[in-house]
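Working notes, beginning with the structure itself.
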Amino acid sequence: MSRFSESGCIFRFDRQWEILKYDDHHYYQIVSGRSFSGVDFAGLLNDEELFLIEIKNFYQYDNQGAINDLNQFALEIREKLLDTIDLIHLIYKYHQRSWMYSRFNRLVMRFPRVHYTWWFWTRMKELIEQEAFTFVLLIESV
């Protein structure tokens, strides 16, 4: 069981899930603050479907829990999703330029623990291309 804290909430994922705290991962940290945004979690369910998960807790910042500008909020969420997908594609391109990745990728895809980061980011890219992904937005608000 994996347990994470995000936006004042606790999330637990059972063994069917492989979870990446996306916005804490070092690949995302490299581009964070450079006009890139990203979701909070990326999760692979049974290695068959990708879930991109964004958590918004409006009580965390404002005791009223209100979304002030719904149109602006929708644009920000859209940007997070598109930036997340763009970064997954960029990381895949970056990996492909690596001699070691090219040489060992087949092995890694069969045995993910050999290089978990390569496996996870490659699997995300594959599932996005197959359109086997779901965007989840969890909102704590009024």
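Quick notes
- Between GLU131 and LYS21, the contour length at 0.36 nm per residue exceeds the Cα-Cα span by 37.5 nm.
- Rounded to the nearest 20, the size of the Cβ-charge dipole of region 1-123 about its Cα centre is 800 debye, with Lys and Arg at +1 and Asp and Glu at -1.
- Of the residues GLY33, LEU90, PHE135, the one whose Cα sits farthest toward the positive end of the charge dipole of region 2-140, with +1 on the Cβ of Lys and Arg and -1 on the Cβ of Asp and Glu, is LEU90.
- Based on the Stokes-Einstein relation at 37 °C and a viscosity of 0.692 mPa s, and on the Kirkwood radius from alpha carbon pairs, region 42-121 is assigned a translational diffusion coefficient of 213 µm²/s.
- Of the GluC sites (Glu not before Pro) found in region 108-142, those that fall in a DSSP loop while having at most 12 other beta-carbon atoms within 10 Å are GLU131.
- Each Lys or Arg adds one and each Asp or Glu subtracts one; over the other residues with Cβ under 14 Å from the Cβ of THR117, this totals +2.
- Residues considered: PHE41, PHE104, PHE120. Largest GNM mean-square fluctuation over the chain, using C-alpha springs under 10 Å, is found at PHE104.
- Separation of alpha-carbon centers, region 16-34 and region 92-142, rounded to whole Å: 12
- Kirkwood's formula applied to the C-alpha pairs of the chain gives a hydrodynamic radius of 16.2 angstrom.
Only the coordinates and a few stated rules stand behind these numbers; no lab work does. What you see is a predicted model; the values in this text were computed from it and never measured. When we count neighbours, we look across all protein chains shown, and the Cβ atoms used for this are built from the backbone with ideal geometry, even at glycine.
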